[in-house]
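Working notes, structure below.
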Amino acid sequence: MGKTKFDFSGQTAVLTGAASGIARAASAAFAEAGATVYLIDIDEEKGEAAAGEIRAGGGQAHFVHCDVTESKSVNGAFQRVLADSGRIDVLVNSAGGWTKKQATWETPEEEWDRIVELNLKSVFLCCKAATPAFLRQKSGRIINLGSVAGLTAAKGASSPPYIAAKAAVHSLTRLLAGELGGEGVAVNAIAPGTTATERVTIARTDEEIAQIGASTVAGRIAEVDDMVGWILFLAAPESGYLMGQTIAVNGGRLMV
Ligand SMILES: NC(=O)c1ccc[n+]([C@@H]2O[C@H](COP(=O)([O-])OP(=O)(O)OC[C@H]3O[C@@H](n4cnc5c(N)ncnc54)[C@H](OP(=O)(O)O)[C@@H]3O)[C@@H](O)[C@H]2O)c1
């Protein structure tokens, strides 16, 4: 992380998709800033390893196995978090992604459903499970991971259900902000541009990464830490007046 100091002492942060990528790094940063962190993911091995790494560095972290597309699994995970910590201060909905770039009319129905469930239904289910705690506390932060793909629909940019689901995540962010803002809960999103997570660096060739980088004003794709700072800032007291916004963190690839 950078040099900015955040203080989340005494707070509980729950992050989905936290076994890898942006949420894994954000989990470590929240723990470093004093939060007790619950890492939710479907990948038990990587999730336990991520939580173990944080604990080894002196932070407080627990892995909770969960499929964020299944209500029973989500409800069980949040019950466990609440039984353990008694509160949730920050929810980061980061589980998501896509696999196939193809035309809308070539997309199989099952692929559509799978990607929409992973990127959109997951946010609905996790927000629904966490909201009773936020309402009890009269405080909380929700930070959703949208995407530059949900802000624009350039031909062949990524998968159609992913583009549609991420646009809906931005919309759901505004809706939730309107519902919960008066209850002391701020809901915002970030829309990352292409970010050098392990999945991206494996899936893309060096040439593709250079090409995407060249399409930004910054001249490079994002590093994971370019996203982590925004996530922590959206959970910090200084951003408490920001409601229902999607911050487009894409190096100027798309200016909105
Ligand atoms: N990286 C980028 O370039 C980029 C750009 C724009 C937006 N985003 C968005 O930012 C978020 C984080 O991206 P990332 O690149 O950090 O992701 P990532 O490294 O692929 O990590 C996603 C994590 O979510 C887990 N997961 C998948 N399905 C799940 C399920 N049903 N229940 C619980 N966990 C599940 C994955 O496990 P498995 O590994 O087992 O699948 C993985 O550990 C995503 O929403 C993504 O769409 C990323």
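The values are calculated or read from the model by the stated rules, or taken from the named source; none is laboratory data. Just so you know, these numbers come straight off a predicted model, no measurement behind them. Virtual Cβ from ideal backbone geometry, glycine too; neighbours counted across all protein chains shown. The accessibility values were calculated without ligands, DNA or RNA, using every heavy atom of the protein model including side chains. Shrake-Rupley method; radii C 1.70, N 1.55, O 1.52, S 1.80 Å.
If you scan segment 81-94, which residues turn out to be of a type in the set (A, V, I, L, M, F, W, C) and touching a helix residue (DSSP H, G or I) at 6+ places or on another chain (Cβ under 7 Å)?
Selection gives Leu82, Ile88, Val90, Leu91, Val92.
Which one of these is within 21 Å of Gly17 (Cβ to Cβ) and among the small types (Gly, Ala, Ser): Gly150, Gly213, Gly182?
Gly150
List pairs: first in segment 212-230 and under 15 Å from Val148 (Cα atoms), second polar (S, T, N, Q) and at pLDDT below 95, Cβ under 9 Å, 6+ apart or cross-chain?
No pair meets every condition.
I'd like to check something: does segment 74-82 contain any residue that is over 17 Å from the mean Cα position of the chain (by Cα), open to solvent by 30 Å² or more (accessible area, probe 1.4 Å) and among the polar types (S, T, N, Q)?
yes
Where residues in segment 119-128 are crowded, with 21+ Cβ neighbours inside 10 Å and within 13 Å of the ligand (Cβ to nearest atom), which of them is farthest from the chain's Cα centre (by Cα)?
Narrowing segment 119-128 to residues crowded, with 21+ Cβ neighbours inside 10 Å: 119-120, 122-123, 125-127.
Filter again for within 13 Å of the ligand (Cβ to nearest atom), leaving 119-120, 122-123, 125-126.
Numbers: Asn119: 10, Leu120: 11, Ser122: 11, Val123: 9, Leu125: 14, Cys126: 11 Å.
Once the filter is applied, the top-ranked residue is Leu125.
Restricting attention to segment 1-27, which residues are in contact with a Lys or Arg (Cβ under 7 Å, 6 or more places away or on another chain) and of a type in the set (Val, Ile, Thr)?
Within segment 1-27, Thr12 is the sole residue that qualifies.
Can we say Ile163 is under 16 Å from the mean Cα position of the chain (by Cα), within 14 Å of the ligand (Cβ to nearest atom) and part of a strand (DSSP E or B)?
Working: under 16 Å from the mean Cα position of the chain (by Cα): yes; within 14 Å of the ligand (Cβ to nearest atom): yes; part of a strand (DSSP E or B): no.
Here the answer is no, as Ile163 does not meet what is asked.
If I ask for residues that are modelled with pLDDT of 95 or more, basic (Lys, Arg) and either farther than 18 Å from Gly229 by Cα or more than 9 Å from the ligand (Cβ to nearest atom) (or both), which ones from segment 1-49 would you list?
Lys46
Is there any pair with a first residue in segment 184-198 that is within 24 Å of Ala130 (Cβ to Cβ) and a second that is among the polar types (S, T, N, Q) whose Cβ atoms are under 6 Å apart and which are 6 or more apart or on different chains, and what are they?
Hits for this filter: Gly184/Ser139; Val187/Thr173; Asn188/Gln245; Ala189/Asn144; Ala189/Thr173; Ala189/Thr246; Ala191/Ser147; Ala191/Thr246.
Do you know which residues across segment 207-235 are β-branched (Val, Ile, Thr) and surrounded by fewer than 16 Cβ atoms within 10 Å (Cβ to Cβ)? Give the steps one after another, and end with the answer.
Filtering segment 207-235 for residues β-branched (Val, Ile, Thr) gives 209, 212, 216-217, 221, 224, 228, 231.
Selection gives Val217 alone.
Quick test for you: out of Phe30, Phe78, pick the one residue that is farther than 30 Å from Ala203 by Cα and touching a helix residue (DSSP H, G or I) at 6+ places or on another chain (Cβ under 8 Å).
Values: Phe30 fails: farther than 30 Å from Ala203 by Cα.
Going through Phe30, Phe78 in turn, just one is farther than 30 Å from Ala203 by Cα and touching a helix residue (DSSP H, G or I) at 6+ places or on another chain (Cβ under 8 Å): Phe78.
Give just the number: which of (1) more than 12 Å from the ligand (Cβ to nearest atom); (2) over 17 Å from Val123 (Cα atoms) does Leu172 not satisfy?
Here Leu172 clears every test but (2).
Determine if segment 94-112 includes at least one residue that is open to solvent by 40 Å² or more (accessible area, probe 1.4 Å), closer than 17 Å to Ile22 by Cα and either at pLDDT below 95 or within 13 Å of the ligand (Cβ to nearest atom) (or both). Let's see the steps before the verdict.
First, pick out the residues of segment 94-112 that are open to solvent by 40 Å² or more (accessible area, probe 1.4 Å): 98-102, 104-106, 108-110, 112.
With closer than 17 Å to Ile22 by Cα added as a condition, the list becomes 98.
From what is left, the residues that are either at pLDDT below 95 or within 13 Å of the ligand (Cβ to nearest atom) (or both) are 98.
Yes, that holds for at least one residue.
Go through segment 139-172 and count every residue that is open to solvent by 30 Å² or more (accessible area, probe 1.4 Å) and at positive phi.
1
Take segment 13-28 and flag every residue that is within 15 Å of Leu232 (Cβ to Cβ) and open to solvent by 10 Å² or more (accessible area, probe 1.4 Å).
Passing the criteria: Ile22, Arg24, Ala25, Ala28.
Of everything in segment 177-206, what is in contact with a helix residue (DSSP H, G or I) (Cβ under 6 Å, 6 or more places away or on another chain) and either open to solvent by 20 Å² or more (accessible area, probe 1.4 Å) or away from the ligand (no atom under 14 Å from the Cβ) (or both)? Give them in sequence order.
Glu183, Val185, Val187, Asn188, Thr194, Thr197
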